[in-house]
Amino acid sequence: MRYEIRELGLGEILDQAIAVLKDHWKLLLGITLVLLVPFMIVQGLVTLSVTPELPPNPTPQDVVAAQKAVVANLPMVLPVVLLGALFVLPITNAAIICAIASVYLGKPITVGESFQRAFSLTLPLIWTWFLFYLAVMGGTILCVIPGILCMFWFALATQVVVIEGTSGIEALKRSRELMRGNIGTLFALLLLIGAINAGISIAGSIIPQEHVRVIGSALAQAVASIFAAAAVVVFYFSCRAKNEHFDLTLLAQGVGAEVPETSAGEGDAGMQGFGQDDFTGQR
């Protein structure tokens, strides 16, 4: 399927994101099944094993005892949490972004190729995230509002690293450039993504059997992660179309693809012939 690469409204961004998910759900779900879903299941089972079960009508003493037990078991849970935060979630997110960007531009990609791209960007991503969190924390310490602004200015930093190959301070600058005039759209988009993902997560958490619920919640979180990534990638391309005024011909030149015979003014993204390295240098 061909997707539109142009400035999109909020509803159009969601429509394009849903279309990408519908057309490529096997690829995107396959990416989450490599690391994310198994990790979420293990994390859920570990958390379940160290969390005391409260009686039907717990007393304050029961609650306090359970809280103490949770604190005492933190050394068992913390390594799992850190593994997820520093490795599983970032790598999976980068692989999903790579896959979505590729199919959105009309280039087929496999699960293995997506992870190959993600692993090759591990250090640039870590460095960019470090600078991002440093900017947000610094802005928050100063007066809260600067920290919030930094979150919006640099919200596309990960997409810039994965799709354009730019990292560090340059990636943050690039994100701020793309976010010019788009903060309101992103704010509304994030609210909608949060509401939709909350509904998906609730669906996975209402399963009565606790061990089955862990599996259901892991799958629900995988779907939520895919949808959020798809929406933000589509938003990224919309920002490029708005702020850089590129048409199909310019975009095709940027990614090293051939322009189809259809008119560039149609916003046709059905391009062929670019590989991993063609994500870089798209300005």
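From its DSSP helices (H runs of at least four residues, each -39,500 (n - 2.57)), the chain gives a residue-normalised ellipticity at 222 nm of -23000 deg cm²/dmol.
Using a cutoff of 8 angstrom between alpha carbon atoms and counting only pairs six or more residues apart, the relative contact order for the chain works out to 28 percent. Arranged from fewest to most other beta-carbon atoms within 10 Å of their beta carbon, 76, 40 become 76, 40. As a rough footprinting exposure proxy, the listed residues 225, 205 were ranked by other beta carbons within 10 Å of their own, and the order from fewest upward is 205, 225. Given (1) 116; (2) 143; (3) 131 as candidate values of volume of the Cα convex hull per residue in Å³, which corresponds to the one derived from the coordinates? Looking at volume of the Cα convex hull per residue in Å³ for this model, the match is (2).
Read-outs throughout are calculated quantities, based only on the coordinates presented, and are distinct from any laboratory measurement. Everything numeric in this text was worked out from a predicted model, so none of it was measured. Ideal geometry is used to build each Cβ from the backbone, glycine not excepted, and the neighbour counts take in all protein chains shown.
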